Amino acid sequence: MRGLKSFQIHWNESEQRDFPCWEEAWSYVDLTEVNESEEATDHFFSEYSNYSFTKIGGYGAYIQSPPHQQQGEFMLQITSEEKPRFMIGDNGTMYFYYDKESKEWFMHWDCF
């Protein structure tokens, strides 16, 4: 493809822990008390970040909000990257999910 630069991907296991975004965290735990405290909210966003670049596994680092009723389990995300000159919308990200029952892949994307 014209304009894309080829390059090898060198996968590394990240030392950074990966957490669900604010909206997705509500599906795991009731954050009402956190939501009512500015200090607790600040702590949540400083301590529980997620990796927002191309990755396999973990949690989706959604630019907008997580898709509602998305089929399948989150598997990987591919982000816009300067090095290969690869752009998804306006600096966007593609998220891929796999449904084990139907054996189908699904994709969602968002951007700024």
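Bear in mind these aren't lab numbers, they're just calculated from the coordinates by the rules spelled out. Small disclaimer: the values here were computed from a predicted structure and weren't measured. We place every Cβ from the backbone using ideal geometry, glycine too, and count neighbours over all the protein chains shown.
Annotations for the structure displayed:
- Residue list for segment 12-34, restricted to those being within 23 Å of MET94 (Cβ to Cβ) and assigned to a helix (DSSP H, G or I): TRP22, GLU23, GLU24, ALA25
- Long-range neighbours under 8 Å by Cβ, at least six apart or interchain, first residue farther than 21 Å from PRO67 by Cβ within segment 26-45, second part of a helix (DSSP H, G or I) and among the charged types (D, E, K, R): ALA40/GLU33
- Any strands (runs of 3 or more DSSP E) falling wholly within segment 35-112 and containing at least 3 residues that are farther than 15 Å from PHE19 by Cα and in contact with an Asp or Glu (Cβ under 9 Å, 6 or more places away or on another chain): 93-99
- Qualifying residue in segment 10-33 (condition: in contact with a strand residue (DSSP E or B) (Cβ under 9 Å, 6 or more places away or on another chain) and either over 24 Å from CYS111 (Cβ atoms) or surrounded by fewer than 10 Cβ atoms within 10 Å (Cβ to Cβ) (or both)): yes
- Total residues in segment 52-72, condition within 18 Å of ASN12 (Cα to Cα), aromatic (Phe, Trp, Tyr) and surrounded by 13 or more Cβ atoms within 10 Å (Cβ to Cβ): 1
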